[in-house]
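Peer 1: Dumping the structure here so I can ask a few things about it.
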Number of protein chains: 2
Amino acid sequence: MRAATIRDQEIVLEEHPDPIPGTGEVLVRVHAAGLNGGDMMQRRGLYPAPPGSPQDIPGMEFAGEVAMLGPGAERFPEGERVMGIVGGGAQAEFVVAHERVLMPVPESLDWPAAGGLPEVFTTAHDALFSQAQLRPGERLLVHGGAGGVGTAAIQLARATGASVTATVRNEALREQVSKLGASVIAPEGFAGHGPFDVILELVGAPNMPENMNALATGGRVTVIGVSAGVMAEVNLLALMGKRARIHGSTLRARPLEEKAITARLLEHEVLPLFDTGALRVPVAETFPLDQAAAAYEHFAAGGKLGKIVLTL
Amino acid sequence: MRAATIRDQEIVLEEHPDPIPGTGEVLVRVHAAGLNGGDMMQRRGLYPAPPGSPQDIPGMEFAGEVAMLGPGAERFPEGERVMGIVGGGAQAEFVVAHERVLMPVPESLDWPAAGGLPEVFTTAHDALFSQAQLRPGERLLVHGGAGGVGTAAIQLARATGASVTATVRNEALREQVSKLGASVIAPEGFAGHGPFDVILELVGAPNMPENMNALATGGRVTVIGVSAGVMAEVNLLALMGKRARIHGSTLRARPLEEKAITARLLEHEVLPLFDTGALRVPVAETFPLDQAAAAYEHFAAGGKLGKIVLTL
């Protein structure tokens, strides 16, 4: 099979052996595979795939058709439209995943939308609900509202009855983000728009001191992006006084059982909302697999709202 | 009534009007009232009592007899032995508390033990179980194991099947702390004894960088003491990579309903363990109320294991 392949911090197209589904696993013929921030880091050698995943084929999310069942796999018949997250290897003609981490593709979604859905909606849903336990009526602040996870988080929070404020650095994207249902502000002086019950931190350490000021009593900060900085200053007395908490998380390194739980939660709580129109996957641009290198350059350049997706 | 009273950062004994129990409240004739770190801060003007509590009478925990019932109060008859936490005012001959935050005194406990129980055991139980969700078999590190909350936390964690390591700076106290069931170490290089699933931080900010190294995947840090420093440096990438979280908390400022919940949890999960002998309240020394000033000096000097309790 052909696959996007990392060679000397560049993306090239190479031939690889087709993967073989093991017990409980499914071989999927990939139709679309989204790009994510993690792919950019992996290309630079900073974010290796977890053990058991292909090390040189990037790609953490995909949508496609079931091509072959491994021993004992029975959740989906051959030909079914499925999607999911994997530790790596999705930007290829075929990928293998355990059937427990696969989800059915909602009827209303085309391949590019489905291929750009799993990583950002799983990440956002896990961060907002499983970790920060966002509740209806609460006030959410999303730092980095124009990114993939940010746009997913805004929509999910609005669909659950929370009010959403989002910081967006790029002025040109603010109107588009506000159409997702957020009150959009510049990053400077965000605490003046608080207090917030939950803060989703997709930017990094520089926001943390002001995050503590912006939190309501009982507030939660979930950190899942640190591109602007890693070492944060935290006022522990403020953390105590507000009875607050700070979560950190990544999806990629989680074991099978935890990834399977996130897939079940998405099936039950999120996927039905695509068919009703309450949620959508903003797709900025698609590239065929053999232009993967150009897709990566496009992603790294930033400035677009929505997913960049490889199609096959 | 006579009460310990804060005047110009000193403790004196003064006459105050007897408090009157309101709806659902109980007047308690205090027999014992423990001292806590918060009292030391309040004496220095750094930790005012929350609104609704006496501002000049310190004391956040007590044990005594029900002396009078306010309208609608019905949980305890007059004369019953009760104990509990309040926002302030406990170091006095009488204190008023809502009946929902009172707990019965276990039969096996004398007045000094009962008067030194509520604050530290509620704080430790809340931090370990309600916040950090400590589970049987997990590995707990307690920073500051010789203090009141530290000794309570060690015993509670051992009773629930966790393994406990405790840092104790004062060499003279290490053997006594180890008898509570902890593996006792010096504070220097504690991460080498990890990893830990839960870290109870009773010392403060200087430990936080090494705490992140000492945490296991899925680990939790609960911060409830910052005497050694407030501004902490936190590596957010480590927090993400370990899928960890940091809690901060205080009991004192919580609303009635939250304090009542902690009282119910203690009644169900903790108090029975005093009568079985699995838990005990280490009492270092008792002082009669009219020697409250000396008791405060004694507490501030440190170096003792166990509670300092005023008796009446």
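Peer 1: Could you list, ordered by first residue, the pairs with Cβ atoms under 6 Å in which the first is in the stretch A:247-261 and closer than 12 Å to A:I85 by Cα and the second is in a helix (DSSP H, G or I) and not hydrophobic (A, V, I, L, M, F, W, C), at least 6 apart or interchain?
Peer 2: Within 6 Å, the pairs are A:L251/A:T123; A:A260/A:R100.
Peer 1: Might you let me know whether the stretch A:30-48 holds any residue that is within 28 Å of A:G303 (Cβ to Cβ), at pLDDT below 95, touching a Gly at 6+ places or on another chain (Cβ under 6 Å) and assigned to a loop (DSSP other than H, G, I, E, B)?
Peer 2: Yes.
Peer 1: Which one of these does A:T222 not meet: (1) touching a helix residue (DSSP H, G or I) at 6+ places or on another chain (Cβ under 6 Å); (2) of a type in the set (S, T, N, Q); (3) more than 22 Å from A:R135 (Cα to Cα)?
Peer 2: Among (1) touching a helix residue (DSSP H, G or I) at 6+ places or on another chain (Cβ under 6 Å); (2) of a type in the set (S, T, N, Q); (3) more than 22 Å from A:R135 (Cα to Cα), A:T222 violates only (3).
Peer 1: Criterion first (at pLDDT 95 or above, among the small types (G, A, S), over 26 Å from A:H247 (Cβ atoms) and surrounded by fewer than 23 Cβ atoms within 10 Å (Cβ to Cβ)) does A:A114 satisfy it?
Peer 2: When the stated conditions are applied, A:A114 does not pass them.
Peer 1: Considering only helices (runs of 4 or more DSSP H) fully contained in the stretch B:236-306, which possess at least 1 residues that are within 14 Å of chain A (Cβ to nearest Cβ) and either over 16 Å from the mean Cα position of the chain (by Cα) or crowded, with 17+ Cβ neighbours inside 10 Å (or both)? Outline the logic, then answer.
Peer 2: Values: elements: B:236-241, B:256-269, B:272-275, B:292-301.
Once the helices (runs of 4 or more DSSP H) in the stretch B:236-306 are filtered for at least 1 residues that are within 14 Å of chain A (Cβ to nearest Cβ) and either over 16 Å from the mean Cα position of the chain (by Cα) or crowded, with 17+ Cβ neighbours inside 10 Å (or both), what remains is B:236-241, B:256-269.
Peer 1: Please count how many residues of the stretch A:174-185 are surrounded by 16 or more Cβ atoms within 10 Å (Cβ to Cβ) and in contact with a Ser or Thr (Cβ under 8 Å, 6 or more places away or on another chain).
Peer 2: 5
Peer 1: Next question. Taking the stretch A:187-235 on its own, how many of its residues are within 11 Å of chain B (Cβ to nearest Cβ), among the aliphatic types (A, V, I, L, M) and in a strand (DSSP E or B)?
Peer 2: Residues in the stretch A:187-235 being within 11 Å of chain B (Cβ to nearest Cβ), among the aliphatic types (A, V, I, L, M) and in a strand (DSSP E or B): 6 in total.
Peer 1: Test each condition in (1) in contact with a strand residue (DSSP E or B) (Cβ under 8 Å, 6 or more places away or on another chain); (2) without any contact (Cβ under 8 Å) to a residue 60 or more places away in the chain for B:A228 and report the one that comes out false.
Peer 2: Failing condition for B:A228: (1).
Peer 1: Right, A:E188: among the charged types (D, E, K, R), farther than 22 Å from A:F121 by Cα and surrounded by fewer than 17 Cβ atoms within 10 Å (Cβ to Cβ) or not? Before the answer, list the steps.
Peer 2: Numbers: among the charged types (D, E, K, R): yes; farther than 22 Å from A:F121 by Cα: yes; surrounded by fewer than 17 Cβ atoms within 10 Å (Cβ to Cβ): yes.
So A:E188 fits the description; yes.
Peer 1: What's the number of the only condition in (1) more than 14 Å from chain B (Cβ to nearest Cβ); (2) touching an Asp or Glu at 6+ places or on another chain (Cβ under 9 Å); (3) over 19 Å from A:I85 (Cβ atoms) that A:V164 fails to meet?
Peer 2: Every condition holds for A:V164 apart from (2).
The values are calculated or read from the model by the stated rules, or taken from the named source; none is laboratory data. None of these values were measured; they are calculated from a predicted model. A quick note on method: Cβ atoms are made from the backbone with ideal geometry, for glycine too, and the neighbour counts reach across all protein chains shown.
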